[in-house]
Structures are given as structure tokens and as C-alpha cells.
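The values are calculated or read from the model by the stated rules, or taken from the named source; none is laboratory data. Nothing here was measured: the structure is a model prediction, and the numbers come from that model. Positions of Cβ are backbone-derived with ideal geometry, glycine not excepted, and every protein chain shown enters the neighbour counts.
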């Protein structure tokens, strides 16, 4: 089963890491992956990045590694991740990714990935995006946690 996911990020300019990830290589959180893909000609494609976000330690998401592809200016989780703040389309509902709320062109790949990792465990019930996940989270936390544990088993960290 292919667990690669793509994130939708609207209105994003190419990141500061446009040097091919030089900033990322020097300063990135342990367990995270982010690197530009290559074009068919072998050059770096700075608008498309292979990434992976580890589940945060001591949370339900601990032990998982969630692969994704960031495409600037667009992208999305494919297939969509079961989470109250991820739309059925795969779009992540996170203020730093929303131009009207918190987006700034200076936001780095590192900040985006850390924000998404935090969102996994720190659900924002004020911004529900996926009815099934949101309803389970609100009405039956044990069933929600069981589903999350299954998602983690389906996406194990190496």
C-alpha cells in the first residue's frame, strides 16, 4: 500500500529553501524529511518536495511516519488523512497555510511541517474539516483513538 500523501497549500511561494534545501539540511527536526524532487532532466524541482512527518512522541500519533508531497503552490494529502482538521479532499485546515489567516511568504518548510505535526495531536475543534473524524473525536474519543492507532499502524516509522 502506498502511504504517500500530498498536502494542499494554497497561495504559497517557493520556500526560502529554494537553494535546494540548504537551510533544511543545516537545521531540521529529528525524524522529519524534506527534499526537493528532481525533474525528468535531473534538475532540482523546487516547487515539489518529498517530505515525511513523524508522529509526535507520547501522543497517539507516536511511532508513525506520515509521508507527503508538498507542491508549491498546491498539494494535498493523497489519500486524505483521517483527521478532524483535514478536508475529505486532503487539504489541511491550518491557519499558517491560509492566506487570509496566518500565511506569510517567509514561512519555511520546517515551520509548515512542525505545524502539521502539532495539528495531528492538537485537534482544533473550532475548524472542523472532515465530518466523520470530527464527529468521532467529539462523540466517541475511544473510537477516535482506536482509528488513529490504526492509521499509525498503516504508516509505521522505520
- Task: Being at negative phi and surrounded by 13 or more Cβ atoms within 10 Å (Cβ to Cβ) is the filter; apply it to the range 15-28 and report the residue that is modelled with the highest pLDDT.
- Result: 28
- Working only within the range 118-136, note down all residues that are under 19 Å from residue 89 (Cα atoms) and either touching a strand residue (DSSP E or B) at 6+ places or on another chain (Cβ under 8 Å) or in a helix (DSSP H, G or I) (or both). 119, 120, 129, 130, 131, 132, 133, 134, 135, 136
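Here is a check on your reading of the model: is residue 81 at pLDDT 80 or above and over 15 Å from the mean Cα position of the chain (by Cα)? Let's see the steps before the verdict.
Values: at pLDDT 80 or above: yes; over 15 Å from the mean Cα position of the chain (by Cα): no.
Answer is no for this residue.
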- Task: Among the residues of the range 32-59, write down those that are surrounded by 12 or more Cβ atoms within 10 Å (Cβ to Cβ) and under 18 Å from residue 148 (Cβ atoms).
- Result: 52, 53, 54, 55, 56, 59
